Amino acid sequence: MFTAIVVGVWEDQQTYEEFMTNEHDRIYANTKQQGTFRSIQVKLYQEKPPVDTERFLMTSNVQREPGWTIQRQ
């Protein structure tokens with residue numbers, strides 16, 4: 001069994017909620033994710049002041065997958 005940790009960084013909670021309401025289910029369906037995992041846990045954290053995303057990703061203990069990209073939407 002494998003475990004994946006996915007980190008998403010949002011500008012604010014409103015942007016996150018808009019994504020979940022308007023985009024998430026369409027992306028889930030179009031990428032055929034159904035059946036690819038057994039369970040999921042979502043934890044939301046809010047940082048003040050805002051996190052320097054690029055510095056966080058480059059200095060934290062993050063294992064990157066070859067060919068994957070991190071991009072701002």
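Looking at 21, 15, which one is modelled with pLDDT of 80 or more, under 14 Å from the mean Cα position of the chain (by Cα) and not in a loop (DSSP other than H, G, I, E, B)? Testing whether each residue is modelled with pLDDT of 80 or more, under 14 Å from the mean Cα position of the chain (by Cα) and not in a loop (DSSP other than H, G, I, E, B) leaves just 15. In this structure, does residue 42 turn out to be modelled with pLDDT of 80 or more, part of a loop (DSSP other than H, G, I, E, B) and out of contact with any helix residue (DSSP H, G or I) (no Cβ under 7 Å at 6 or more places or on another chain)? Judged against the criteria, residue 42 is a match. Look at segment 2-23: where a residue is loosely packed, with under 10 Cβ neighbours inside 10 Å and a partner is hydrophobic (A, V, I, L, M, F, W, C), sitting 6+ places away or on another chain with Cβ atoms under 9 Å, you get 4/37; 5/62; 8/19. Every listed requirement among (1) exposed (fewer than 10 other Cβ atoms within 10 Å of the Cβ); (2) at pLDDT below 80; (3) of a type outside the set (A, V, I, L, M, F, W, C) is met by residue 53 save one, (1).
Mind listing whichever residues of segment 30-53 are closer than 17 Å to residue 7 by Cβ and polar (S, T, N, Q)? Listed by number, the residues that qualify are 41, 46, 53.
The values are calculated or read from the model by the stated rules, or taken from the named source; none is laboratory data. For clarity, every value in this text was computed on a predicted model and none was experimentally measured. Don't worry about glycine lacking a Cβ; one is built from the backbone with ideal geometry, like all the others, and counts go over all protein chains shown.
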